[in-house]
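A short write-up of the structure that comes next.
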Amino acid sequence: MAVKAGEERNRFPALVLVLVLVDSGHYIFGRLLAPYLPPVASSFYYISLALIQVALYAAWMRRIDWRLLRDNLPFFLAIGFLIAASTSSSFAALFYIDPGTAALLTQSGTIFSLALGILWLKDRLTRGQTLGAALAVAGIMVISFQPGSEGSQSLIGASLVLFSAFTYALHAAIVKRHGEAMDFLNFFLFRMLATSGFLFLFSAASGELVWPQGWQVWVILLLTATINVTLSRALYYIVLRRMDLSVFTILLTLSPVVTILWSILLFGERPTWQGLVGGAAVISGVVLVTVFRPQNVH
């Protein structure tokens, strides 16, 4: 047992490193898919491919429990709608801002989660959290309101990312309150089933439901499904269960840095200096909010 525990400790840093790498890929994959498909359609296809992967695994394990879906249908419809809105709007933002800036702004989701905790769960802020939230909001404003002809583009892109971060934070709050006791595999399966269904409705209603053309786009969609959903979310929950929440949140602030590096390497795109300054303020605010969490909050 001691050897196994030691081996597990040795593997854990590698798991954390892989998590940061795959977590940084969301906007990179969105940027790769942008020339081939509209944002809602690309979201529908890659989520559906990930759904097939998880469904096949659950069926092979004989773990699918349809009663969970039946008994909690309003819950799954609510989070499916929110995740679909979050995913499609985050991909749409890439028509206006670069992946690095989008990834920096996504960190504002922690601030939205904090606000939801105050309004919904009646949480209270410490002084450090208040300072952190104010710093993050200032960073958001710096990124969003840039002068010149690119200012309106930045504002639209930032608004879409902030909407995406808010809807994802709202989904997380609902899951935290009503979904933590559910079997994870079935929860994950039905979560993606509902999300895929809403993305189909969104893309059909908007006229964006087009069939992917060419083998290249199918390769990107399959990679996106496997890395950005199946692998990323599995590692997310594995690491989360083994790490303190505060450390985990701070760890994921490294993700935008990796996104920026990928964006420069693959597309030659980088945030403006104003975007970097604003992003640094957002990340610093998130770190302060996390470090100064009340000790009785888990």
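Numbers below:
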| read-out | value |
| --- | --- |
| Gly197, sole failed condition from (1) touching a Gly at 6+ places or on another chain (Cβ under 8 Å); (2) under 24 Å from Leu114 (Cβ atoms) | (2) |
| Failed condition for Ser144, given (1) surrounded by 15 or more Cβ atoms within 10 Å (Cβ to Cβ); (2) of a type outside the set (A, V, I, L, M); (3) within 22 Å of the chain's Cα centre (by Cα); (4) farther than 30 Å from Leu276 by Cβ | (4) |
| Residues of region 265-277 that turn out to be in contact (Cβ under 8 Å) with a residue 60 or more places away in the chain and closer than 17 Å to Leu32 by Cα, as a count | 4 |
| Residue among Leu15, Leu56, Leu51 that alone is surrounded by fewer than 21 Cβ atoms within 10 Å (Cβ to Cβ), at pLDDT 95 or above and of a type outside the set (Gly, Ala, Ser) | Leu56 |
| Flag for Ala84 being of a type in the set (A, V, I, L, M, F, W, C), closer than 19 Å to Val175 by Cα, buried (at least 24 other Cβ atoms within 10 Å of the Cβ) and in contact (Cβ under 8 Å) with a residue 24 or more places away in the chain | yes |
| Counted residues, region 264-283 - those being among the aromatic types (Phe, Trp, Tyr), at pLDDT below 85 and surrounded by 14 or more Cβ atoms within 10 Å (Cβ to Cβ) | 0 |
| Any chance Ile174 is touching a residue at least 12 places away in the same chain (Cβ under 8 Å), over 20 Å from Thr110 (Cβ atoms), surrounded by fewer than 20 Cβ atoms within 10 Å (Cβ to Cβ) and touching a helix residue (DSSP H, G or I) at 6+ places or on another chain (Cβ under 9 Å) | no |
| Test: Phe187 is out of contact with any helix residue (DSSP H, G or I) (no Cβ under 7 Å at 6 or more places or on another chain), over 12 Å from Tyr45 (Cβ atoms) and not hydroxyl-bearing (Ser, Thr, Tyr) | yes |
| Among the residues listed as Thr224, Thr249, Thr290, the single one being among the β-branched types (Val, Ile, Thr) and closer than 30 Å to Pro35 by Cα | Thr224 |
| Some residue of region 89-109 being small (Gly, Ala, Ser), modelled with pLDDT under 80 and buried (at least 20 other Cβ atoms within 10 Å of the Cβ) | no |
| Residues being out of contact with any helix residue (DSSP H, G or I) (no Cβ under 8 Å at 6 or more places or on another chain) and either modelled with pLDDT of 80 or more or aromatic (Phe, Trp, Tyr) (or both) - total across region 235-263 | 2 |
| Boolean, Ala280 is among the aliphatic types (A, V, I, L, M) and under 22 Å from Ser43 (Cα atoms) | no |
| Exclusive hit being farther than 25 Å from Leu251 by Cα, in contact (Cβ under 8 Å) with a residue 60 or more places away in the chain and surrounded by fewer than 19 Cβ atoms within 10 Å (Cβ to Cβ), set Ala41, Ala34 | Ala34 |
| Candidate set from region 208-234 (those that are surrounded by 15 or more Cβ atoms within 10 Å (Cβ to Cβ) and among the polar types (S, T, N, Q)); member that is nearest to Gly25 (Cα to Cα) | Asn228 |
| Leading residue by the ranking (nearest to Leu160 (Cα to Cα)) among those in region 62-104 that are of a type in the set (Phe, Trp, Tyr) and touching a Phe, Trp or Tyr at 6+ places or on another chain (Cβ under 7 Å) | Phe81 |
| Answer residue from region 192-207, given it is farther than 24 Å from Leu68 by Cα and surrounded by 13 or more Cβ atoms within 10 Å (Cβ to Cβ) and is modelled with the lowest pLDDT among those | Ser206 |
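The values are calculated or read from the model by the stated rules, or taken from the named source; none is laboratory data. All values derive from a computational prediction rather than experimental measurement. Cβ atoms come from the backbone with ideal geometry, glycine included; neighbour counts cover every protein chain shown.
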